[in-house]
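The values are calculated or read from the model by the stated rules, or taken from the named source; none is laboratory data. Every value quoted in this text rests on a predicted model; they were computed, and no experiment measured them. Cβ placement follows ideal geometry from the backbone for every residue including glycine, while neighbour counts extend to all protein chains displayed.
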Amino acid sequence: MNNYMLLLTICNCIRRKMSTFVSVINPTTGKVDWKLQNDQYDYHQEIARSGYADMLHDTERNKKYYAALAEAIQIKRQLGEPVNVLDIGTGTGLLSMMAAKLGADTVTACEAFAPMAKCAKEIILSNGFADKIKIIPKRSTEITVGSDGDMPERANVLVTEVFDTELIGEGAINTFTHAHRELLQKNCIVVPSAANMYVQVVSSDFIRQWRDIRPVKLEGFGDILPPPEMTSCGGAPALHDLQLHELPQSLFKVLSSPVKVFRFDFSGSSPLKFESQSEETFEALSDGETDGIFMWWDLEMDTKNNINLSCAPGWAHPRPSELQWRDHWMQAIYYPNQPLSVQKGENVKVISNHDEYSLWFNVESNNRTNSNSNTGPACTCGMHVIYSRSQIGMMNDPQRRCVYCSLLKQKITSNSVVMIISDGSLLPLMAAKLGAKKVFALETNNFTRKILQQFIKQNKLNEKVTVLSKEPEDLTEEDLQGSKIDLVVGDPYFQSAVLPWHHVHFWYAAKHLSSFLTDSAEVLPRLLSIKAMAVSFQDLWKIRSPVGICEGFNIQLFDEMIEASSEISDSEVEPQPLWEYPCTACSDPVTVQSFEFSDKSWMDKSQSAEISIRLDKSQGVKCNGIVLWAEYQFTDQLTLSLGPRKKVTIGEKVEWDFYSKQGVHLLMNKGKSCIENLQTISVSLIFVPGSGDFDFVFKTINA
């Protein structure tokens, strides 16, 4: 965009007062772009991604909160007390309306998120409870009590849902502590009354692949070893949250039964601890390495724990018939500082710690004492902070390693000069080990470049591998030491990518290398194909589905607010790790568009394509989404797919790649899980090379 057009666009934005000109990293080109966005884009995105709808679709949660509130209010009535309910973080006002309908005398609801507080007020009015429920648009810690305060007197029933996957990550400890100190009567009833946290220690080479980069074994050429500072590092401090129920049980072996490690009493009968440690001993159920620690929790909704809500995965759920899909409360994997080898029958300690907001765990032999076990984890090598869990797993993936090893063995000779383009790939070391004369690694990412340099030093490949930090268009003959490149290989992974086809950034970098290539040079991968398939999601559709009526209350105003914000902030295609979200194939995969790198014309002008996906209804499966992914073809025999990891069969569950996200377009119809009588789906794609934009349009055709 020239300066005149830039100025004109800015002036138009000012006049219209509709949009804001913002700088963003383009995930395809890797460059900073200026783009027009609605001037309240961030505001609307926060609303659209708030996650309230997901919670409202959690039927078990809603019903058990309702039942526990009913019991609490009944207890207070039987004691002859007036019932004054405080609802902290009311969201749509659902729990407050439950309390009002159950006969509470007063209900005070606080909500700090301003658009949600406004929405809750309107929902409460439309449901006829405006005279019973008072909305306070504040955090609970800002509420005052007294004749001139937000509440005239302290409440004697508290209902709140301030939990996340780690239970305490949203500040639950301080929320309850402050409420008991400032907002509640001494004899109050709290819903939920308590929470229990459980862990299960497992042995799994698969899970360990998410933690550390493993040695690359090149038969006959030696191994590529990680630096010792990485192998001895305690790992990343953050939890690894995921839908643990979807992890195939064949990929791990349990070393312990579920172990209760913490109990959080929200009732006020004893103070909550802002920091705590527990040591629990278990008897190892089998031999193995302590590669991972699974974590989940449950809620005791009432004072006697007759109403219990569990977030356990299926194999450990105390009531499997009540197993509920939910995306707001998942499970998590934590990784011990160092895996411990244990034998069946051995007594082993699991050390659990929490502070006000976070958790960490370790495993020790019962005969050893670790003086640092109460210290929070910290990555000292940098790799665990710079690389995501998915990238670490991807680099360890045996299938990917096999593709790259086979490719390099085919293409490299002792005279080869190789250029590798990626973020944090081990391909430069593989190429050097497999006999290339010289390897250049184009690493413009400052952080991943540091990790690569550590690997090069550890494996004594400094003479063979040169890391280039310049942008490809700025390279000179001096940078390449006067060499001509025979082979350019992209490991299609870049940290700026959001969707699987954004890794085409490799070709944006490679096109600047033409003057440095030999006449016979190859650039691989040579083909990018964007694939699409119609599917039926088991549960994922709920994240965008309107709520409508929830437990007898009309939440339609909330649906309208979410829909309006989604239209402003949401893309047609969003990334999701689909191995965590089961779906069934409703069609065969089809190719939307292919891009051949050897044909440079596709990068000179806009490309468009349109395909039709005809649904196969013979299996009785109803479609509610389209999934898109990328396949990168290196040779006729070597292809890397970021989609299904096995052949797709219509009517059967699709098994997705564990280490990448796919693109998802959900088809919704007034809150139903599918569109009735859907016959054909049209998928259109326009790709604009200059901007790097991939724009998709979806149209449905009913029978």
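Could you check the range 231-246 and list, in sequence order, the residues that are farther than 27 Å from Asn347 by Cβ, modelled with pLDDT of 95 or more and outside any strand (DSSP E or B)?
Gln243, His245, Glu246
Which of the strands (runs of 3 or more DSSP E) found entirely inside the range 129-194 contain at least 3 residues meeting this: surrounded by fewer than 21 Cβ atoms within 10 Å (Cβ to Cβ)?
Because the criterion is at least 3 residues that are surrounded by fewer than 21 Cβ atoms within 10 Å (Cβ to Cβ), the strands (runs of 3 or more DSSP E) in the range 129-194 that meet it are 184-191.
Which residues, counting only those in the range 409-432, are surrounded by fewer than 21 Cβ atoms within 10 Å (Cβ to Cβ) and charged (D, E, K, R)?
Selection gives Lys409, Lys411.
Consider the range 467-483. How many of its residues are assigned to a loop (DSSP other than H, G, I, E, B) and under 35 Å from the mean Cα position of the chain (by Cα)?
Residues that pass the stated criteria total 3.
Only one of (1) of a type in the set (S, T, N, Q); (2) over 30 Å from Ala509 (Cβ atoms); (3) at pLDDT below 95 fails for Gln607. Which number is that?
(2)
Which of the residues that make up the range 484-508 are assigned to a loop (DSSP other than H, G, I, E, B), modelled with pLDDT under 95 and farther than 16 Å from Ile530 by Cβ?
Scanning the range 484-508 gives Asp491, Tyr493, Phe494, Gln495, Ser496.
On the basis of being part of a helix (DSSP H, G or I), buried (at least 19 other Cβ atoms within 10 Å of the Cβ), touching a residue at least 24 places away in the same chain (Cβ under 8 Å) and not assigned by TED's automatic domain parsing to the domain that holds Gln331, does Ser565 make the cut? Before you say what the answer is, go through the steps one by one.
On the way: part of a helix (DSSP H, G or I): yes; buried (at least 19 other Cβ atoms within 10 Å of the Cβ): yes; touching a residue at least 24 places away in the same chain (Cβ under 8 Å): yes; not assigned by TED's automatic domain parsing to the domain that holds Gln331: yes.
Yes; evaluated as a whole, the condition is true for this residue.
Name the one entry in Ser571, Ser587 that is free of Cβ contacts under 8 Å to residues at least 12 places away in the same chain, part of a loop (DSSP other than H, G, I, E, B) and more than 16 Å from Leu528 (Cβ to Cβ).
Ser571
Which residue, of Val439, Val418, is over 15 Å from Phe221 (Cα atoms), outside any loop (DSSP other than H, G, I, E, B) and without any contact (Cβ under 8 Å) to a residue 40 or more places away in the chain?
Testing whether each residue is over 15 Å from Phe221 (Cα atoms), outside any loop (DSSP other than H, G, I, E, B) and without any contact (Cβ under 8 Å) to a residue 40 or more places away in the chain leaves just Val439.
Scan the range 185-200 and give yes if some residue there is more than 22 Å from Val261 (Cβ to Cβ), of a type in the set (A, V, I, L, M, F, W, C), under 30 Å from the mean Cα position of the chain (by Cα) and at pLDDT 95 or above, otherwise no.
yes
How many residues are surrounded by fewer than 22 Cβ atoms within 10 Å (Cβ to Cβ) and outside any strand (DSSP E or B) when one looks only at the range 276-301?
Final tally of qualifying residues: 4.
If a residue has to be crowded, with 22+ Cβ neighbours inside 10 Å and either on the phi > 0 side of the Ramachandran plot or in a helix (DSSP H, G or I) (or both) to count, how many in the range 90-124 make the cut?
14
If a residue has to be buried (at least 17 other Cβ atoms within 10 Å of the Cβ), at pLDDT 95 or above and farther than 19 Å from Cys381 by Cα to count, how many in the range 444-465 make the cut?
Residues flagged as buried (at least 17 other Cβ atoms within 10 Å of the Cβ), at pLDDT 95 or above and farther than 19 Å from Cys381 by Cα within the range 444-465 amount to 3.
Considering Thr413, Thr448, which residue is closer than 28 Å to Lys661 by Cα and among the hydroxyl-bearing types (Ser, Thr, Tyr)?
Thr448
Kindly indicate whether Ile650 is surrounded by 19 or more Cβ atoms within 10 Å (Cβ to Cβ), farther than 25 Å from Pro398 by Cβ and touching a residue at least 60 places away in the same chain (Cβ under 8 Å).
no
Here are the criteria: (1) part of a strand (DSSP E or B); (2) outside the structural domain of Tyr632 (by TED's automatic domain parsing); (3) not polar (S, T, N, Q). Tell me which single one Ala532 does not satisfy.
(2)
Check Leu309 against each of (1) touching a Lys or Arg at 6+ places or on another chain (Cβ under 8 Å); (2) surrounded by 15 or more Cβ atoms within 10 Å (Cβ to Cβ); (3) in a loop (DSSP other than H, G, I, E, B) and name the one condition it does not meet.
Result: Leu309 fails condition (3) only.
Hey, does the range 258-265 have a residue that's crowded, with 19+ Cβ neighbours inside 10 Å, modelled with pLDDT under 95 and more than 28 Å from Lys344 (Cβ to Cβ)?
No - not one qualifying residue is present in the range 258-265.
Here are some residues: Phe658, Phe696. Which one is part of a loop (DSSP other than H, G, I, E, B) and either of a type outside the set (Val, Ile, Thr) or touching a residue at least 12 places away in the same chain (Cβ under 8 Å) (or both)?
When all the criteria are applied, what remains is Phe658.
Can you name the condition, by its number, that Ser612 falls short on among (1) closer than 26 Å to Phe494 by Cβ; (2) in a strand (DSSP E or B); (3) small (Gly, Ala, Ser)?
(1)
Does Ser406 satisfy the condition of being surrounded by fewer than 24 Cβ atoms within 10 Å (Cβ to Cβ), in a helix (DSSP H, G or I) and touching a residue at least 12 places away in the same chain (Cβ under 8 Å)?
yes
Identify all residues within the range 144-157 that are of a type outside the set (Lys, Arg), out of contact with any Cys (no Cβ under 6 Å at 6 or more places or on another chain) and within 12 Å of Thr108 (Cβ to Cβ); write none if there are none. Step through it out loud before you land on a result.
Of the residues in the range 144-157, the ones of a type outside the set (Lys, Arg) are 144-153, 155-157.
Still in the list and also out of contact with any Cys (no Cβ under 6 Å at 6 or more places or on another chain): 144-153, 155, 157.
Correct list: Thr144, Val145, Gly149, Asp150, Met151, Pro152, Glu153, Ala155, Val157.
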